[in-house]
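Below: the structure, in structure tokens.
The values are calculated or read from the model by the stated rules, or taken from the named source; none is laboratory data. Fair warning: this is a prediction, and the values are worked out from it, not measured in the lab. Neighbour counts run over all protein chains shown; Cβ positions are idealised from the backbone, glycine included.
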Amino acid sequence: LRKFSQKMVKICCIGAGYVGGPTMAVIALKCPAIEVVVVDISKPRIDAWNSDQLPIYEPGLDEVVKECRGRNLFFSTDVEKHVAEADIIFVSVNTPTKTRGLGAGKAADLTYWESAARMIADVSKSDKIVVEKSTVPVKTAEAIEKILTHNSKGINYQILSNPEFLAEGTAIKDLFKPDRVLIGGRETPEGKKAVQALKEEVYAHWVPEDRIITTNLWSAELSKLAANAFLAQRISSVNAISALCEATGANVSEVAYAVGKDTRIGPKFLNASVGFGGSCFQKDILNLVYICECNGLPEVANYWKQVIKINDYQKSRFVNRVVSSMFNTVSGKKIAILGFAFKKDTGDTRETPAIDVCHGLLGDKAQISIYDPQVTEDQIQRDLSMGKFDWDHPRHLQPTSPTAFKQVSVVWDAYEATKGAHGLCILTEWDEFKTLDYQRIFDNMQKPAFVFDGRNVVDPEKLREIGFIVYSIGKPLDA
Ligand code: NAD
């Protein structure tokens, strides 16, 4: 491997998505002596990164990109050129769940990764450090090594696992001050040298030494899957308790507060909700389930499966609550959906619980009117046309019929969405939903006017005083 200190280090990141874009922007900001080029096969995405309208919404991202773009941060579709020139190649391509063939519905689809690796092998003329930034199944580095070494001669590749722990909505904050940076490498002298190079040339510029963890490759790969599984498990745990709260008169916020005060448990990630979404939790747990099954560990696989099953149950429980509260049918009734993104401060709708809730309501012939400050009509149309997950028929497509789409409107204002509605569902915890003029909303809704708060963002008592019938997750119901 080259002696980096003697020349300007060049980084190329393959994949300009939610991870590749922000991560590389922060590396460019913190390491002005490094040239960072983010490449992608999607021209519209790269064009957007080079414009004033970045392809993703993330607080603080615009400022970081503005400062570095054109200085030492570049976005390009010239994938091969920049890969060939790079010393360190981050691969941050998507690794979705396989939709067909062996492991369909659970295993990670590594076709994007494999084609990136084959391309690296094709164009490389110098030694490379190849960094797994995408979340991948444990042992992926072994496969990548085979592809690289069998397809090129005389080039030394060191594969590192450097999974990304940022959360959408707080990506820049998380990247500036990560809880930890994890780097896994081969335990050979060259592997150790590569780990050191990534640590010293890149992360040491702003991450304190004690927050940079180095491990073997398999620990790093598995830690990412385990971390997401643990986070999702906390949500499913509190959601499971929320169902019991509703049945018994306990209040899930009080229970979560009391439980979280135990320092062994801690208060974070204990908010009951309509369910978790996002492109990672479900995909990574499915991946973990598949890996357990492949390794002859069906009991462990079943344990993690339950995390997803409870999440599905929570979403269907919410839909059932809406329908049963509204006199057992929503047919022909207008329901406002406030929030479609899977969480606040992002426009990302991948695996958002809103998709399943809308499917459920459309199935009972509701008219739905959707408002989200960051989600476009095109996105919603695409999301509602895609299938939903089903254990028995993994990832089969259940397109919303064209007739059903006539039941959907997308508007740009919460007041417009709720005008004339029989009920409103809050599905994303956007701050602006806390301060809406609920009296005005009430006045313009059909009566009785229902609020179904899937994120526990509104004060149910205040809304009841106005006259709403309110359902909050895991809280006592109206008398
Ligand atoms: P994304 O879909 O937003 O971005 C992936 C990009 O890779 C796309 O723009 C795609 O066009 C590009 N791409 C695919 N194949 C390519 C190729 N051969 N050459 C060049 N470009 C190619 O995905 P993302 O959300 O950024 O996630 C990327 C990875 O990071 C996934 O493995 C994901 O699990 C992981 N991850 C995501 C998050 C998150 O919050 N989104 C957090 C941590 C880890």
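Assorted remarks:
- Residue satisfying all of: in the stretch 269-319; crowded, with 16+ Cβ neighbours inside 10 Å and β-branched (Val, Ile, Thr); nearest to Lys344 (Cα to Cα) among these: Val274
- Within the stretch 122-151, the set of residues being out of contact with any Lys or Arg (no Cβ under 9 Å at 6 or more places or on another chain), away from the ligand (no atom under 13 Å from the Cβ) and among the polar types (S, T, N, Q) comprises Ser124, Thr149.
- When the test is whether a residue is under 20 Å from the mean Cα position of the chain (by Cα) and surrounded by fewer than 20 Cβ atoms within 10 Å (Cβ to Cβ), Thr376 passes it.
- Some residue of the stretch 52-71 being touching a residue at least 12 places away in the same chain (Cβ under 8 Å), touching a helix residue (DSSP H, G or I) at 6+ places or on another chain (Cβ under 9 Å), surrounded by 15 or more Cβ atoms within 10 Å (Cβ to Cβ) and within 20 Å of Tyr157 (Cα to Cα): no
- Looking across the stretch 405-447, the residues that are farther than 18 Å from Asp459 by Cβ and assigned to a helix (DSSP H, G or I) come down to Phe405, Lys406, Tyr415, Glu416, Ala417, Asp443.
- Selected residue (only one of Thr99, Thr135 is more than 23 Å from Met24 (Cα to Cα) and either modelled with pLDDT under 95 or among the hydroxyl-bearing types (Ser, Thr, Tyr) (or both)): Thr99
- Residue within the stretch 25-32 that is assigned to a loop (DSSP other than H, G, I, E, B), out of contact with any Phe, Trp or Tyr (no Cβ under 6 Å at 6 or more places or on another chain) and within 16 Å of His205 (Cα to Cα) present: yes
- Within the stretch 342-386, considering residues that are part of a loop (DSSP other than H, G, I, E, B) and of a type in the set (A, V, I, L, M, F, W, C), the one nearest to Leu54 (Cα to Cα): Val375
- Within the stretch 59-95, the set of residues being in a strand (DSSP E or B), within 13 Å of the ligand (Cβ to nearest atom) and not hydrophobic (A, V, I, L, M, F, W, C) comprises just one member, Ser76.
- Any hit, the stretch 75-90, residues being crowded, with 21+ Cβ neighbours inside 10 Å, closer than 16 Å to Ile159 by Cα and free of Cβ contacts under 8 Å to residues at least 40 places away in the same chain: no
- Filter result (in contact with an Asp or Glu (Cβ under 8 Å, 6 or more places away or on another chain) and in contact (Cβ under 8 Å) with a residue 40 or more places away in the chain) within the stretch 279-332: Ser279, Phe281, Gln282, Lys283, Asp312, Lys315, Ser316, Val319, Val323, Val330
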